[in-house]
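Notes for the one structure printed next.
Here, each number is a calculation from the coordinates, and none is a lab measurement. All figures in this text were calculated on a predicted structure; none of them were measured in a lab. Counting neighbours? That spans all protein chains shown, and the Cβs are built from the backbone with ideal geometry, glycine included.
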Amino acid sequence: MTGPRVAIIYGSVAEHETMSQVGAMLGRFGVPYDETVISPHRSPRALFEWCAELEPRGIEVVVAGGGVNASLAGVVASHVTMPVIGVPLRGGGVAGVDSLLAMTAMSAGVPVACVGLDHSTNAAVLAVQILAVGDPDLRAQLAQFKDTFEQAAVTQF
């Protein structure tokens with residue numbers, strides 16, 4: 001497959017610094033992705049159209065970041081059948097806790113997998129783990145990544 005397998009979306013260019021780490025980690029695994037900014041509040045029709053095009057384009061997982069746009073992951077999840085991983089971002093009046101709660105308190109039947117506040121790299125690793133279910137090469141890369149990660153943690157002590 002040559003097209004993107006993961007779609008990264010967030011609601012504001014102010015969130016780019018944190019969300020760009022998703023692409024950087026996906027790149028380490030050679031997973032093609034695309035990245036876009038669409039506000040669910042200011043551009044709801046554009047978001048709906050974007051969601052409708054995901055499956056025909058071959059997208060398998062969506063990573064959606066939201067701070068003030070905390071609803072973005074849930075809105076995307078309500079329109080697609082593929083896994084959606086939410087990245088709650090710090091910001092707003094309660095430092096991102098509202099985003100975290102919004103992503104974890106989705107209605108029954110509209111799940112959003114959620115990582116910790118600003119943990120965009122964990123969202124990327126989770127996306128790779130999802131893709132690796134049907135991809136032996138990715139599984140092997142993940143095993144090596146985990147081994148390297150473990151060795152680095154052991155040498156820090």
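Check which residues have an amide H placed less than 5 Å from GLU60's amide H, if you skip close sequence neighbours.
For GLU60, whose amide H was placed from the backbone, the distant partners under 5 Å are VAL6, ALA7.
So what does log10 I(q)/I(0) come out to for region 1-44 at q = 0.19, 0.22, 0.25, 0.26 Å⁻¹, using the Debye formula with one equal point on every Cα and no solvent?
-0.60, -0.74, -0.86, -0.90
Counting other Cβ atoms within 10 Å, keep those with at most 16, restrict to DSSP loop, and tell me which trypsin sites (Lys or Arg not before Pro) in region 1-94 are left. Each step should come with its number before you reach the end.
Working: sites: ARG5, ARG28, ARG42, ARG45, ARG57, ARG90; in loops: ARG5, ARG42, ARG57, ARG90.
Answer by residue number: ARG42, ARG57, ARG90.
Direction-averaged shadow area of the convex hull around the Cα atoms of region 1-86, nm²? Show your work: numbers first, answer last.
Numbers: hull surface 20.4 nm².
The number I arrive at for region 1-86 is 5.1 nm².
Could you work out how much longer the chain between GLU53 and MET82 gets when fully extended? Use 0.36 nm per residue separation minus the Cα distance between them, nm to one decimal. If you can, show how the numbers build up before the last one.
Working: separation 29, 0.36 × 29 = 10.44 nm, distance 1.23 nm.
9.2 nm is the gain from fully extending GLU53 to MET82.
For THR2 and THR36 in one chain, what is 0.36 nm times their gap in residues minus the Cα-Cα distance, to one decimal in nm?
This chain segment gains 10.4 nm when fully extended.
Toward the positive end of the charge dipole of the chain, about the Cα centre and with charges on Cβ (Lys, Arg +1; Asp, Glu -1), which of ALA113, VAL22, LEU142 goes farthest?
Farthest towards the positive pole: ALA113.
With each label point set 7 Å from Cα along the Cα-Cβ vector, what nm distance links GLN129 and ARG45?
4.0 nm
Given labels modelled 7 Å from the Cα in the Cβ direction, how far is it in nm from THR148 to ALA24?
The answer from the label model is 1.5 nm.
Out of every Cα-Cα pair in region 6-155, what percent are more than 26 Å apart? If you can, show how the numbers build up before the last one.
Details: 2472 of 11175 pairs.
Every Cα pair in region 6-155 considered, those over 26 Å come to 22 percent.
Can you compute the helix-only [θ] at 222 nm over the chain? Use -39500 (n - 2.57) per DSSP H run of at least 4 residues, normalise by all residues, nearest 500 deg cm²/dmol.
Values: 6 runs with 73 residues, N = 157.
Helix-only estimate at 222 nm: -14500 deg cm²/dmol.
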